[in-house]
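Colleague: One structure, as structure tokens, below. Some questions next.
The values are calculated or read from the model by the stated rules, or taken from the named source; none is laboratory data. Every value quoted in this text rests on a predicted model; they were computed, and no experiment measured them. With ligands, DNA and RNA removed, areas are computed over all heavy atoms of the protein, side chains included. Shrake-Rupley method; radii C 1.70, N 1.55, O 1.52, S 1.80 Å.
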Amino acid sequence: QVQFVESGGGLVQPGGSLRLSCVASGISTSTYHLDWYRQGPGKQRELVARILWGGITNYPDSVKGRFTISRDDAKNTVNLQMNSLKPEDTAVYYCHGREAGGSVDYWGQGTQVTVSS
């Protein structure tokens, strides 16, 4: 059974930092594209960071320069370092994986990030 399990969410003040982690089990992430998505209150789920199996990353303008995605395939882990957090970053953050060339999507259960003073 494939599972993605996120951790690291919480409450942080504006300007602060958080590091999210996602551990996958039941697969080897080395052949997977890995992403972080988020869904804020009343909003659609949106992509915030992607790292392809070859290591190429991309980010939307809303987080570029503040968020950094990384992967450690030896530990089946993908991380999201979030700096200079803003109240509008408040959301449930989800880890996602799809094997390169594949069609099956795997999602974590989500972890809440709240940015508030």
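Colleague: What lysines could a cross-link reach from Lys86, if we take a straight Cα to Cα line under 21 Å and drop same-chain neighbours fewer than 8 places away?
Modeller: Lys43, Lys64
Colleague: Looking at the chain, I'd like the Rg to Rh ratio, where Rg is from alpha-carbon atoms and Rh is Kirkwood's inverse mean 1/r. Can you show the working numbers first?
Modeller: Numbers: Rg = 13.5 Å, Rh = 14.1 Å.
Result: Rg/Rh = 0.95.
Colleague: For Val23, what accessible area in Å² do you get when you roll a 1.4 Å probe over the heavy atoms of the protein chains, rounding to the nearest 10?
Modeller: Number for this one is 70 Å².
Colleague: With a 1.4 Å probe and all protein chains left in place, how much accessible area per residue does the chain have, in Å²?
Modeller: Details: 6010 Å² over 117 residues.
Here the residues of the chain average 51 Å² of exposed surface.
Colleague: Moving on to the next point. Using Cα pairs under 8 angstrom and six or more residues apart, how large is the relative contact order of the stretch 1-60, in percent?
Modeller: Working: 78 pairs, mean separation 14.5, N = 60.
Dividing the mean separation by the residue count of the stretch 1-60 yields 24 percent.
Colleague: Whole angstrom only: what separates the Cα centroid of the stretch 102-117 from the Cα centroid of the stretch 1-72?
Modeller: 7
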